Amino acid sequence: LSSLKKFDEIKKANQAAAKKLVEDQLSSSSEDDDEDAEVKQGKILDKTFTIYTSQTDGDASELERTRQYMNEAFQSGAMTCLICIASVKRNQAVWSCCGCFCIFHLVCIQKWAKDSLFLVSSPLTDDDFGKKDYPWPCPKCRFEYKRSETPSRYYCYCGKVENPTVDPWLVPHSCGQICEREFKPSCGHKCLLLCHPGPCPPCPKMVTTTCHCKKAKPVPRRCSAKEWSCHLPCGRTLLCGQHTCENSCHAGDCQPCPHVSKQRCICGRQTEERLCASPQWQCDQVCGKRLPCGNHTCEQVCHAGLCGDCPRSGKRSCPCGKTKFTLPCTEDVPTCGDSCDKILECGIHTCSQRCHRGPCEICRQEVEKQCRCGKHTKRMPCHKPYLCETKCTKIRDCQKHQCRRKCCSGNCPPCDQVCGRTLGCRNHKCPSGCHRGSCNPCPETVDVKCNCGNTVIKVPCGRERTIRPPRCKQLCGRPPTCHHSTQEKHYCHFGRCPPCRQPCQKTLMCGHLCPVSCHDEALVRQTGSYQSAGPWEQPSEPAFIQTALPCPPCEVPIPV
């Protein structure tokens, strides 16, 4: 029974190891060093672009941006979740932002949206908690999504298939069907590529369209470049009604008329040379026309139409507004002698003076005033504010620091200190103001280079320690370490060069050349008796050293 139990445990462990190996091979972080991987990737890209290139007669120049996103999907470690700073694998559920097309783990973006909504709608930061549908932003481009747009399921890039199956002959996280997303800006056509990451390319359809000014004959053009100019003069009548547009055929409204002409002001007293685009203008002279009363003149500056009635005619009120008088426009309205009773600046008390001209004085009544924080009271003039010296001990919205503001009303301002926490990249610190929850991802990118530095890939900051360097197609330029003048051709790499496999070709004692492979850097097992310290010490693996071996004896047959 014990043997069977042990056998079952070993069997389960082997099955788990085999399953993990298959998942690692299917993940986008695994790197295939064979040339077949590049051939396979090229076939997948060609299959994705087939329908599009058939519409453009094989022209794929507009597909470079989309091709870059698809290459990153295949490249080792290029697809990185900016929230957890980990690789995005083929068999993991993901979500793609429609603004920057950045890819995140589905679990990570759900947690990000939940934390963002909690921080924005917290009662400590807003009094309208629960009354408004607060948005949450993309971690990279800050594009805002509604609460109802929080992703809950895993879809392919085009959004047709839920939980797309892992297919090694498709782009990772793609369903393999035609994308059919509408182009942006919308033209009525849909994307012809197979389900793909990144933005859709420009529309490749052919349409018949005329130029901006509608003078030229319609010609067939690409839908993405259907707006074109015939470069003839526009000729449309400008807003001034006197001149025509002299610019070449253009989109949108014509520019203001650049011509200059003599134009009168609104009142007609002055004439100036001005642009046709601004015919209405005012001079700085007062009107001065006699009003209907015959006693006063119009005091308005350069205006159109009639001057109107005298502002001093009809019934007029005294300064306090309680009594109205009918007097000639040449006489001033007297004070009524009653109390003013206008509301003072404090908004509580009224003016106790008699009806008077000019502004009322400040409120001088003695009242029991409460400070802003509500902890102290004091008797003082109504117009003076009362602030105590007590410092607020409430925690600010960062949930770390106290307010410490004198006589705080309870609506504490946001924390003004810098966060300073180390970001997930472990290289930089958070520059934002002190806040709750997780910090935003590090916006920096780092260049990861091959050994020679000719091949470079950009990765999010923090991934440079775990990502593998890019494969370089340049030949290794290191000098040979053996006696040969040149070494075998091989690609750029890190570490030691591979052993030389060229024939030795050294001249032997007999005059013949050594035909065996180069043996200047042969690995030889290190000899020597090593005595262990005791029976508990495990035997160590044999050590190898790199040394030059002598040429073997000549085996060329000769007559003797």
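The values are calculated or read from the model by the stated rules, or taken from the named source; none is laboratory data. All values reported here derive from a predicted model rather than from experimental measurement. Cβ: placed from backbone, ideal geometry, glycine included. Neighbour counts: every protein chain shown. Just the protein is used for accessible areas: all its heavy atoms, side chains included, with ligands, DNA and RNA removed. Shrake-Rupley method; radii C 1.70, N 1.55, O 1.52, S 1.80 Å.
Between residue 517 and residue 315, what length in nm is gained on full extension when 0.36 nm per residue of separation is reduced by their alpha carbon distance?
Between residue 517 and residue 315, full extension yields 60.6 nm more.
Roughly what angle does helix 2-26 make with the longest principal axis of the chain, taking Cα atoms, 0 to 90 degrees, to the nearest 10? Here the helix axis deviates by roughly 60 degrees. On a per residue basis, the convex hull of the C-alpha atoms belonging to the range 371-417 measures out at 76 Å³. Rg and Dmax of the range 273-413, both derived from C-alpha coordinates alone, stand at 26.9, 75 Å. Solvent-accessible area of residue 449, all protein chains in place: 110 Å² (probe radius 1.4 Å, heavy atoms, ligands and nucleic acids excluded).
When 206, 509 are compared by accessible area of protein heavy atoms, the largest-first order is 509, 206, using a 1.4 Å probe. For the range 386-503, the alpha carbon positions stretch 97, 20, 18 Å along the principal axes, listed from largest to smallest. Could you tally the net charge around residue 320, taking each other residue with its Cβ under 11 Å from the Cβ of residue 320, Lys/Arg +1 and Asp/Glu -1? Taking every other residue near residue 320 into account, the sum is +2.
Using 0.36 nm per residue, how much length does the chain from residue 558 to residue 543 gain when fully extended, once their Cα-Cα distance is taken away? Show your work: numbers first, answer last.
Details: separation 15, 0.36 × 15 = 5.40 nm, distance 4.05 nm.
Taking residue 558 through residue 543 to full extension adds about 1.4 nm, to one decimal.
Ligands, DNA and RNA excluded, the heavy atoms of residue 96 present near 40 Å² of accessible surface to a 1.4 Å solvent probe. Excluding residue 95 itself, calculate the net charge of residues whose Cβ lies under 13 Å from the Cβ of residue 95, where each Lys or Arg counts +1 and each Asp or Glu counts -1. Neighbour charge sum, excluding residue 95 itself: +1.
Taking every protein chain into account, the accessible area of the range 378-498 amounts to 64 square angstrom per residue (probe 1.4 Å).
When the solvent-accessible surface of protein heavy atoms is calculated with a 1.4 angstrom probe, in what order do 196, 401 fall, highest first?
Values: 196 0, 401 50 Å².
Most to least solvent-accessible, the answer reads 401, 196.
Grouping the Cα pair distances of the range 234-345 into 5 Å bins from zero gives a pair-distance distribution of 2, 10, 13, 10, 10, 9, 9, 8, 6, 6, 6, 5, 4, 1, 0 percent in increasing distance order.
Counting protein heavy atoms only, the range 214-348 has 49 percent of its accessible area on carbon and sulfur, 1.4 angstrom probe. Each residue of the chain gets 428 Å³ once the volume of the Cα convex hull is shared out per residue.
Near residue 11, within a Cβ-to-Cβ distance under 14 Å, what is the net charge of the other residues, with Lys and Arg +1 and Asp and Glu -1?
Values: positive: 5, 6, 12, 19; negative: 8, 9.
That sum, taken over residues with Cβ under 14 Å, equals +2.
Placing +1 on the Cβ of each Lys and Arg and -1 on the Cβ of each Asp and Glu in the chain, which of 195, 470, 97 has its Cα farthest towards the positive end of the resulting dipole? Result: 97, furthest along the dipole toward the positive end. Under 22 Å of direct C-alpha separation, and excluding same-chain neighbours fewer than eight residues apart, residue 322 reaches these lysines: 342.
The calculated FRET efficiency for residue 332 paired with residue 271, based on their beta-carbon distance and R0 = 45 Å, is about 0.65. Extension gain, residue 304 to residue 51: 0.36 nm times the residue separation minus the Cα-Cα distance gives 84.4 nm.
Given a Förster distance of 45 Å, report the FRET efficiency between residue 285 and residue 406 from their Cβ-Cβ distance, rounded to the nearest 0.05.
On the way: r = 55 Å, r/R0 = 1.22.
Once rounded, the FRET efficiency stands at 0.25.
Rolling a 1.4 Å probe across all protein chains gives residue 400 an accessible area of roughly 100 Å². For the chain, find the longest principal axis of its Cα atoms and tell me its angle to the long axis of helix 64-74, 0 to 90°, nearest 10. The helix 64-74 is inclined about 50 degrees to the chain. Ordering 273, 488, 64 by accessible surface, largest first, gives 273, 64, 488; the 1.4 Å probe counts only protein heavy atoms, with every chain in place.
Of the heavy-atom accessible surface of the range 371-417 (probe 1.4 angstrom), what whole percent is carbon and sulfur?
Summing carbon and sulfur atoms, their accessible area is 47 percent of the total for the range 371-417.
Could you pull out the pairs from 378/406; 140/458; 262/289; 184/217; 19/111; 184/205 whose alpha carbons sit more than 19 Å apart here? From 378/406; 140/458; 262/289; 184/217; 19/111; 184/205, over 19 Å: 262/289; 184/217; 19/111.
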